[in-house]
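Here is the structure we will look at.
The values are calculated or read from the model by the stated rules, or taken from the named source; none is laboratory data. All figures in this text were calculated on a predicted structure; none of them were measured in a lab. Glycine also receives a Cβ, built like all others from the backbone with ideal geometry; neighbour counts cover every protein chain displayed. To get the accessible areas, we keep the full protein, side chains included, count just its heavy atoms, and leave off ligands, DNA and RNA. Shrake-Rupley method; radii C 1.70, N 1.55, O 1.52, S 1.80 Å.
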Amino acid sequence: MTTSRPDPTRNPWVRRVAPAVLVVAALTVGWQLYVTLSGIRPQVLPSPTRVLGQGWAHRDDIAGHAWSTLQVTLVGFAVSLVVAWLLAIVVDFSPWLRRALVPLFVVSQTLPIIAIAPLMIIWFGFGLLPKILVIALATFFPMAIGLIEGFAAADREAGALLRSMGASRWQEFLYVRLPSALPRFFTALRIGVTYAVVGAVFAEYVGATSGLGIYMSTQKNSFRTDLVLAAVLVTAVVSLALYLLTYAVERVVAPWAQTTRSPR
């Protein structure tokens, strides 16, 4: 009796990840071939093998700066997350505040971070506070709007049914509006967490004593393009890890949200 082996290509995660891996591999091979055949100087464009080799050779230094950036990212994103939840709940309970605050949330995204970040350094120095503010400005909007729209999209009939049974506004919020908002929130969370790493690196690039941003700036001034790209690669890996972590949190907090998304 023969048993059929499972086809790995039928795994939804394989189908979802494989195209991206193939594209990245093709771009990397093309990059390596171009550098090898053109003879371009490594100060201008190092090869992928050189970037990986030099990054590994300086792994301790890069890891220390990456850890500093990760700490700043987590603290700043946590502050942004708490503020987004509080304001979204307040807005949901007050239509007047919704009309007053949502336009301000939109305006906050029109502020150019490239201009605001240096001002934060001037006003608050080189400590943790200016980096937290930059990260908050970069990540607050998608999470707040995702929550506000998620609360508003709750099933009206379910809410009316609870109210007819004597439920309070808070009970309607907890049992209907909050579960309805979580799928949209986690979508916004994935957007925000990637912005958080970029915001932290940019804040460090403007002014800091440690972190991947200041490391890139220092290596750029030393014409070490290979180490700059190695730090960029680490930044991408950190962003991707945090992005994937949101799926694990969603699976625990809102498992029903994942069942509604069918893999293609």
Q | P(r) weight above 17 Å for the range 29-69, C-alpha pairs, percent | A | 42 percent
Q. Can you tell which of VAL75, VAL193, VAL21 shows the greatest fluctuation in a Gaussian network model of the chain with Cα springs below 10 Å?
A. VAL21
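How large is the charge dipole for the range 172-264, taken about the Cα centre, if only the Cβ atoms of Lys, Arg (+1) and Asp, Glu (-1) carry charge, to the nearest 20 debye?
260 debye
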**Q.** Computed FRET value (nearest 0.05) for ALA248 with ARG59, which takes r as the C-beta separation and R₀ as 30 Å
**A.** 0.70
Q: Sort LYS131, LYS220 by accessible area with a 1.4 Å probe, largest first.
A: LYS220, LYS131
Q) Percent of accessible area on the chain owned by carbon and sulfur, 1.4 Å probe? A) 70 percent
Q. Per residue of the chain, what 222 nm ellipticity follows from adding -39500 (n - 2.57) for every DSSP H run with n ≥ 4, rounded to the nearest 500?
A. -26500 deg cm²/dmol
Q: Sort the following peptides by mean Cβ neighbour count (other Cβ atoms within 10 Å, averaged over residues), highest first: 24-30, 132-138, 227-233, 204-210.
A: 132-138, 227-233, 204-210, 24-30
Q.
Semi-axes of the equivalent ellipsoid for the range 77-234, please: Cα gyration tensor eigenvalues, times 5, square-rooted, ordered largest first, whole Å.
A. 40, 16, 11
Q.
So, for the range 58-125, what is the accessible surface per residue at a probe of 1.4 Å, expressed in square angstrom?
A. 58 Å²
Q: Please work out the average accessible area per residue across the range 168-264, using the 1.4 Å probe convention, and give it in Å².
A: 51 Å²
Q: Name the residue farthest towards the positive end of the dipole of the chain from the options LEU133, SER108, PRO118, assuming +1 on Cβ of Lys and Arg, -1 on Cβ of Asp and Glu, about the Cα centre.
A: SER108
(Q) Run the simple label-point estimate for ALA20 and ILE40 please: 7 Å along Cα→C-beta, distance reported in nm. (A) 2.5 nm
**Q.** the range 19-140: radius of gyration and largest Cα-Cα distance (Dmax), Å
**A.** 21.4, 64
